[in-house]
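See structure below.
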Amino acid sequence: MPSTKPQSKAGSDYLYEDEAIDFRRLWSAIWRQRVLILALTFGGLLAGAGLSRLLQPVYEAQASLQVPVATRSFGAANPLRSAPLFEGRGWIELLRSYAVLDEVVRKRRLYLEPAASTDWRFFSTFAIAPEARWGEYVFSSDGAGTNRLSSVEGTLLDSAPAGDSLGRPVGLLWTPPSPGGLEVRFRVRSPRDAAVRLNNEMEPVLPLDGALLKLSLRGYDASNTAGLVNTIADQFVEVATQLKREKLTTVTEALREQLEVARLKLTAEESALEQYQVNTITLPSDRGAAPITPGLAETRDPVRQAFFRLRMDRDDLVRDRDAIERALQAQSDTTTSLGASLAAIPAVREYSELTGTLQLLTTKRGEARQMRLAFSSTYPPLRQLEAEIFEIERVAIPRQAANLRQALEARITDLDSRIAASSREMQQIPLRATEESRRERNRDVAQNLYKEVQAAYESARLSELSSAPDVRLLDYAVPPTRPVSDQVVLVIVVGFILGFGSGVTLAILRDRFDRRIRYPEQVTRDLGLQILGALPLLRKGRDGQAREDDQAMLVEVTRSIRMGLLFAHGSGGPFVVTISSPGAGDGKSFVSLLLAQSIALTGRRTLLVDGDNRRGYLHRTLNVPRSPGLSEVLSSQSSLAESIVRPVGEEFDFLPKGTPRSNIPELLSSTQMTRLMMDVRGTYEAIVIDSPPLGAGVDPIVLASLSGTLALVLRNGLTDRELASARLADLRRLSIRVLGAVLNDVKPTGAYRYYSYLPGYAAGEQNEVAALPSGSVSQATPGDG
């Protein structure tokens with residue numbers, strides 16, 4: 001009966017809708033293709049060994065640098081505190097910046113690539129100009145004292161006598177030696193391209209909140225790699241130190257500008273006071289003719305002194321308000337000048353919020369200046385810092401200054417009301433005394449401001465001169481003595497893995513697309529046939545005969561096939577079956593002979609019919625004449641009794657195929673064949689018909705229709721599944737009853753291990769094996785093609 005099991009998609013035999021991958025089958029495919037897998041694995045090993053000879057060992061050099069630990073303790077309120085330049089990943093960004101790598105490329109001449117490493121001796125004086133032309137060049141010397149520089153296409157670019165400069169037309173600054181008749185090829189890259197490649201090759205590592213930055217680099221030359229790492233580390237320390245100095249210099253410059261503004265302010269106030277005193281020396285003064293001790297002036301008229309203070313405080317507030325307005329109106333693009341102008345105003349210095357904002361602006365402008373030296377304008381932290389500076393300069397400072405101006409306006413209004421409330425007599429105080437006191441106070445304020453700024457400036461200068469670099473080189477790289485990894489072993493292992501993997505993959509693919517019968521489920525599930533038995537592969541011993549265990553198993557399997565066929569046929573009438581196979585070489589004649597022998601040993605009168613008139617050779621196996629036979633009986637040239645013979649040593653009768661005829665399909669379909677089958681059915685209890693393969697023509701179908709049943713022989717590793725499936729479809733359309741399948745040439749291992757029998761359990765003397773003629777013990781008789 002056909003199988004009702006759902007088939008896999010795209011004809012896959014490995015995966016069904018309700019099943020997982022059959023790993024036993026995969027292992028079976030791998031084991032069957034073990035020679036191929038071993039060959040590919042060995043080929044992978046050889047390829048890996050050959051490739052390993054072409055690889056150079058890779059060395060790794062490392063250097064260690066100390067950087068400040070990331071901290072948030074540095075605030076913006078005091079710009080003189082020496083905060084670190086960067087925190088965390090910022091140091092790695094600086095290390096990868098072109099401010100470091102471009103200079104390393106120039107120092108190590110990484111833009112130069114000779115075709116051979118031994119050619120470096122010719123480039124000891126090599127350098128490039130800013131307008132150098134990048135590309136590949138060929139240097140040659142004719143041995144007569146003339147050096148030439150050409151392009152790879154052969155175009156002459158420059159020539160010069162030995163000892164003179166060569167390559168200036170293309171921007172090369174080089175005084176090559178005169179090797180004499182030697183040609184040297186080399187390539188000149190853009191320094192930026194070389195810096196990008198160096199950036200991709202080096203591996204800086206900085207642990208989170210760590211203070212030790214590890215710089216690693218790999219290369220084929222141990223000494224050159226270590227030297228390159230040290231050059232990068234030295235340049236990194238130099239750039240970091242320069243940036244730190246630039247930061248402190250920026251703060252010092254800002255304070256210097258403020259100090260200069262404060263000095264000019266003090267000078268102006270002193271000059272104004274002195275000039276006023278000179279111009280008003282003849283005017284009356286409230287101080288009287290006789291000098292009064294300063295300590296007694298306060299006690300002489302406290303109301304008058306309070307009035308003077310109110311007037312001077314108001315004048316100071318008006319002056320500071322006007323100064324703030326002028327500073328904002330004259331604001332330029334330079335943050336330092338704005339900060340210096342506002343910082344020189346006394347009211348601003350007393351307003352802590354605006355003072356802190358000005359100091360923060362100065363600090364951030366210094367940081368931006370440092371970043372521009374190390375990074376491009378597209379660097380994200382730099383762009384963010386510039387946005388913060390713009391926000392502080394254009395929004396925060398004007399807003400806070402406006403708030404301060406409003407506060408000053410309020411205080412001025414309050415003082416005006418207090419002054420207006422004073423007596424009219426107090427308002428008659430000589431203007432000279434009032435103005436002189438105000439100018440003296442302005443001088444004192446300017447003097448105090450100058451002293452404060454001068455102290456801050458001297459402190460900043462001291463910090464600039466005594467500051468230590470943030471980065472310090474702890475360990476220089478030394479040339480490694482051993483490669484970073486054993487490339488030879490690695491390549492050989494990779495070759496082994498690739499070879500083995502290719503072999504396994506190819507084995508699975510070959511098994512996946514193999515059209516031949518190889519597994520029991522292909523018979524039961526794909527073809528829908530019941531397996532009647534699996535004939536073992538007969539292995540020959542040293543004497544050329546089949547092994548005893550295999551012969552014993554063959555007998556047991558034949559008994560199982562006999563029982564299965566008799567049971568499937570039923571008890572109605574004599575047992576009649578046609579034996580066929582999808583193609584040639586499957587062993588149908590071998591199975592027919594074994595089955596006839598086994599049935600005859602049960603005591604049933606048995607007839608073996610050779611229905612393969614095309615290529616049947618059972619008569620040779622049984623050592624009987626070919627004719628008269630079936631063809632002579634059907635053509636009325638001989639009677640049935642005259643054609644049937646009893647082979648020597650056998651218990652069954654045999655009807656040979658007879659003389660081959662071209663009209664044998666018509667003879668098999670004739671009424672003579674029908675009468676012949678009726679005659680033998682009345683005489684024999686079991687009839688076994690050996691027919692041609694199903695793919696040979698209509699003969700097996702005609703014989704199967706006459707017998708009513710058919711048993712199919714499938715040879716493991718040979719039978720075409722698609723051919724078998726197509727022929728089975730024809731048989732089922734004709735309502736021919738297929739009793740099952742006999743598997744031939746099966747190794748009792750793997751998927752077929754359950755179809756074998758236990759050794760050592762042979763029944764008696766094994767007469768059945770002894771009854772088989774020696775010529776019959778063959779998996780595929782000549783009649784099978």
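For a test of the definition: using alpha carbon positions, the gyration tensor, and the 1.5 limit on a/c, classify the stretch 585-718 as rounded, prolate or oblate.
rounded
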Amide H contacts of Asp158 (H built 1.01 Å from N, under 5 Å, at least 5 apart or other chain): Leu149
Multiplying the sequence separation of Ala420 and Arg515 by 0.36 nm and subtracting their Cα-Cα distance, what value in nm do you get? 22.4 nm
Test of understanding: what is the full-extension gain from Glu238 to Phe390, defined as 0.36 nm times their sequence separation minus their Cα-Cα distance? 51.7 nm
Simple label model, 7 Å out from Cα along Cβ direction - Val69 to Glu131, nm: 5.5 nm
Residues Arg547 and Thr659, FRET efficiency given R0 of 30 Å [Cβ-Cβ distance, rounded to 0.05]: 0.20
Take the Cβ-Cβ distance between Glu260 and Leu212 as r, set R0 to 35 Å, and report the resulting FRET efficiency rounded to the nearest 0.05. 0.20
Listed highest first by mean packing, meaning other Cβ atoms within 10 Å per residue, what order do 527-535, 671-679, 581-589 come in? 581-589, 527-535, 671-679
For Met678 and Met563, what does the FRET efficiency come to when R0 = 22 Å and r is the distance between their Cβ atoms, rounded to the nearest 0.05? 0.20
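On the accessible surface of the stretch 646-735, probed at 1.4 Å, how many percent belong to carbon and sulfur atoms?
The value for the stretch 646-735 is 51 percent carbon and sulfur by accessible area.
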Applying the Karplus parametrisation 6.51 cos²θ - 1.76 cosθ + 1.60 with θ = phi - 60° to the phi angles of the stretch 380-393, what ³J(HN,Hα) value in whole Hz is obtained for each residue in order, glycine and proline being reported as x? x, x, 5, 5, 5, 5, 5, 5, 5, 4, 4, 5, 5, 6
In the stretch 142-236, what percent of the accessible surface is made up of carbon and sulfur (1.4 Å probe, ligands and nucleic acids excluded)? 46 percent
Roughly what would the spin-label model give for Leu55 and Arg106, points 7 Å off Cα along C-beta, in nm? 3.8 nm
With the crude spin-label approximation of a point 7 Å out along Cα→Cβ, what separation in nm comes out for Ala116 versus Glu722? 5.8 nm
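The values are calculated or read from the model by the stated rules, or taken from the named source; none is laboratory data. This structure is a prediction, so every number in the text was calculated from the model and none was measured. Cβ coordinates were reconstructed from backbone atoms using ideal geometry, including for glycine residues, and neighbour counts include every protein chain displayed. Keep in mind that these areas ignore ligands, DNA and RNA; they rest on the heavy atoms of the full protein, side chains included. Shrake-Rupley method; radii C 1.70, N 1.55, O 1.52, S 1.80 Å.
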